[in-house]
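Chemist: Once you've had a glance at the structure underneath, I'll fire off some questions.
The values are calculated or read from the model by the stated rules, or taken from the named source; none is laboratory data. Fair warning: this is a prediction, and the values are worked out from it, not measured in the lab. Backbone-built Cβ (ideal geometry, glycine too); neighbour counts: all protein chains shown.
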Amino acid sequence: MKQLFFLLTMLGIISSCTTPSGNQSDGNVVLVIHGGAGTILKENMTPELEAQYIAVLTSSLQAGYDTLQKGASSLDAIETAILIMEDSPLFNAGVGAVFTNEGKNELDAAIMDGKTLAAGAVAGLTTVRNPVLAARAVMEKSNHVMMIGAGAEKFAREAGLVMVDPSYFYTENRWNGLQRALEKEKMELDHADTTASIRNYYSPDYKFGTVGACALDNYGNLAAATSTGGMTNKRYGRVGDVPIIGAGTYANNRTAAISCTGWGEYFIRSVVAHDISAMMEYGKLSLNDAANKVMMEKVPALGGDGGLIGLDAKGNVTMPFNTPGMYRGYITKDGKVVVKIFKD
Ligand code: ASP
């Protein structure tokens, strides 16, 4: 039977039904990451910039993998992988976060342990250098799951995390992105076209630069984490899907670890990450089928876009997205790195 499957796959006869999104890999993956989805097209990318993205994604995977190799937990591996992306200005997390309507950077993050279902989340941070560490501190050093704003920052300071001036997060690129969004919004308001205004507030050439990671450690435990600056031009106090456990971030050893990127409001309303887990647990769907159902059918049916990564306890990975591209990659047990940006 196995030989027949192999032969048919080689002939390309059954590949389309085994890989509905073309983004699945079976077995032996230990770490999967994303750096955001969106209108990421080869024709808009210089070879230099593409090389920079590939280099940071690769070093994030490699660092997380080395952590796992040393026998550390999946939580340590995702933290290591995410710190590298938070510290890179290429991604909308940590330095390089997008700006709010008021010209500020307000960061959200979450982390979840698939073994215990313990979780930690933070929202609206302006002075914590690495929000993923604050999320982990909430999980491990408080009795709470989510802390926001000034209280979360006070807690992070007391937990000994590195605090920075809000200007630390500034990049010219993101600032210009806000100016373009404000300009567009003003033009649409002048034309009193409110529908287009809302649509363009999240313009079609939008890039979601959130970062996320899911890992499976040597002890069979899954974990997921996500970190973001949210969406350009977001209004005061807006919180997206990322720190909402079950929406943008979820991990459960019985099913999978999931981290999302995309138009957060739709991911919250679709409870994306938990919906995938529930379909696996109660409907007995595979990770890839459940992830594709949510990302390629349910979210777009509401009008949302984005992508996600998922890893199950057997090392199966999925990376579906309904945008033109998504920064993504995974590393296998034997250290093979796969990094992708555009559609296959
Ligand atoms: N999901 C994030 C949010 O809505 C944005 C992103 O993925 O870049 O806050």
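This table checks each residue for (1) within 14 Å of the chain's Cα centre (by Cα); (2) among the hydrophobic types (A, V, I, L, M, F, W, C).
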{"site": "237", "(1), (2)": "no, no"}
{"site": "261", "(1), (2)": "yes, no"}
{"site": "281", "(1), (2)": "no, no"}
{"site": "285", "(1), (2)": "no, yes"}
{"site": "290", "(1), (2)": "no, yes"}
{"site": "294", "(1), (2)": "no, yes"}
{"site": "334", "(1), (2)": "no, no"}
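Chemist: Condition first: under 21 Å from residue 332 (Cβ atoms) and surrounded by 15 or more Cβ atoms within 10 Å (Cβ to Cβ). Now tell me which residues in the range 41-58 satisfy that.
Modeler: Passing the criteria: 53, 54, 56, 57, 58.
Chemist: Still on this model: Identify all residues within the range 120-140 that are in a strand (DSSP E or B) and surrounded by 24 or more Cβ atoms within 10 Å (Cβ to Cβ); write none if there are none.
Modeler: Listed by number, the residues that qualify are 120, 121, 122, 123, 125, 128.
Chemist: Let me ask something additional. What is the number of the single condition among (1) at pLDDT below 95; (2) surrounded by fewer than 18 Cβ atoms within 10 Å (Cβ to Cβ) that residue 296 does not meet?
Modeler: Here residue 296 clears every test but (1).
Chemist: Here's something else I'd like to know. Sort through 329, 304, 310 and tell me the only one that's part of a loop (DSSP other than H, G, I, E, B) and either more than 22 Å from residue 241 (Cβ to Cβ) or within 16 Å of the chain's Cα centre (by Cα) (or both).
Modeler: 304
Chemist: While we're looking at this one, here's another question. Of the residues that sit in the range 248-288 and are in a helix (DSSP H, G or I) and of a type in the set (Gly, Ala, Ser), which one is farthest from the ligand (Cβ to nearest atom)?
Modeler: 283
Chemist: Return the only residue of 102, 79 being touching a residue at least 40 places away in the same chain (Cβ under 8 Å), out of contact with any strand residue (DSSP E or B) (no Cβ under 6 Å at 6 or more places or on another chain) and not in a loop (DSSP other than H, G, I, E, B).
Modeler: 79
Chemist: Could you tell me whether residue 261 is in contact with a strand residue (DSSP E or B) (Cβ under 6 Å, 6 or more places away or on another chain) and among the β-branched types (Val, Ile, Thr)?
Modeler: Here the answer is yes, as residue 261 does meet what is asked.
Chemist: Let me ask something else. If you go through the range 313-326 one residue at a time, how many are part of a loop (DSSP other than H, G, I, E, B) and within 16 Å of the ligand (Cβ to nearest atom)?
Modeler: Total meeting the criteria: 5.
Chemist: Ok, one more. Among 60, 21, which is assigned to a helix (DSSP H, G or I) and either within 26 Å of residue 294 (Cβ to Cβ) or modelled with pLDDT of 90 or more (or both)?
Modeler: Unique residue meeting the criteria: 60.
Chemist: In the range 209-235, which residues are part of a loop (DSSP other than H, G, I, E, B) and either under 28 Å from residue 28 (Cβ atoms) or more than 14 Å from the ligand (Cβ to nearest atom) (or both)?
Modeler: Correct list: 210, 217, 218, 219, 220, 221.
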